[in-house]
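The values are calculated or read from the model by the stated rules, or taken from the named source; none is laboratory data. In this text the structure is predicted, and so the values were computed from the model without any measurement. All Cβ positions, glycine included, derive from the backbone under ideal geometry; neighbour counts span all protein chains shown. Only protein heavy atoms, including side chains, enter the accessible area calculation; ligands, DNA and RNA are left aside. Shrake-Rupley method; radii C 1.70, N 1.55, O 1.52, S 1.80 Å.
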Amino acid sequence: QVQLVESGGGLVQPGGSLRLTCVASTSIFRLAIMGWYRQAPGKQRELVATITDGGSINYADSMKGRFTISRDNAKNTVYLQMNSLKLEDTAVYLCNSRILGRDSWGQGTQVTVSS
């Protein structure tokens, strides 16, 4: 099981920015498909963005143009830069790794967008 530790959440005003970080404890991070998901109260978990081991990126439609996922294999880290945040972006953001078909999840980091 891969341990994933997220950080970078917090309280931000609408229109603001946050950068989330997820560090993975694995020696084969370079093989991982990494992703960010989010879950708001009373709602199902939804995809935010994924990035493959080859660098291919996929975003949920509502995040395109506002969020940017990236990875640093040397640091076993995946990032999520979030700009132009909206009230509806409030959620717990969770990091996911898929390595050799096995999924692991972090504990999540809370992002609250409020005026």
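Residue-wise test of (1) open to solvent by 60 Å² or more (accessible area, probe 1.4 Å); (2) polar (S, T, N, Q); (3) closer than 23 Å to residue 87 by Cβ; (4) modelled with pLDDT of 95 or more.
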position: 4; (1), (2), (3), (4): no, no, no, yes
position: 16; (1), (2), (3), (4): no, no, yes, yes
position: 23; (1), (2), (3), (4): yes, no, no, yes
position: 29; (1), (2), (3), (4): no, no, no, no
position: 42; (1), (2), (3), (4): yes, no, yes, no
position: 46; (1), (2), (3), (4): yes, no, yes, yes
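If you check 45, 38, 30, 19 for being basic (Lys, Arg), farther than 16 Å from residue 102 by Cβ and in contact with a helix residue (DSSP H, G or I) (Cβ under 9 Å, 6 or more places away or on another chain), only one passes: 38. Looking across region 78-107, the residues that are surrounded by fewer than 19 Cβ atoms within 10 Å (Cβ to Cβ), not in a strand (DSSP E or B) and not hydrophobic (A, V, I, L, M, F, W, C) come down to 83, 84, 86, 88, 90, 101, 107.
Taking region 61-77 as the range and being open to solvent by 60 Å² or more (accessible area, probe 1.4 Å) and in a strand (DSSP E or B) as the test, only 68 passes. When you check residue 101 against the structure, is it modelled with pLDDT under 95 and under 18 Å from residue 1 (Cα atoms), yes or no? Yes, satisfied.
For residue 38, are the conditions met, namely being in a strand (DSSP E or B), at negative phi and open to solvent by less than 30 Å² (accessible area, probe 1.4 Å)? Write out each step before concluding.
On the way: in a strand (DSSP E or B): yes; at negative phi: yes; open to solvent by less than 30 Å² (accessible area, probe 1.4 Å): yes.
Answer is yes for this residue.
Taking region 50-60 as the range and being part of a strand (DSSP E or B), open to solvent by 20 Å² or more (accessible area, probe 1.4 Å) and within 24 Å of residue 1 (Cβ to Cβ) as the test, only 50 passes. Please work out if residue 47 is touching a residue at least 12 places away in the same chain (Cβ under 8 Å) and either part of a loop (DSSP other than H, G, I, E, B) or farther than 24 Å from residue 1 by Cβ (or both). In short, no.
Does region 60-77 contain at least one residue that is β-branched (Val, Ile, Thr), within 22 Å of residue 115 (Cβ to Cβ) and out of contact with any Asp or Glu (no Cβ under 9 Å at 6 or more places or on another chain)? Within region 60-77, not a single residue is β-branched (Val, Ile, Thr), within 22 Å of residue 115 (Cβ to Cβ) and out of contact with any Asp or Glu (no Cβ under 9 Å at 6 or more places or on another chain).
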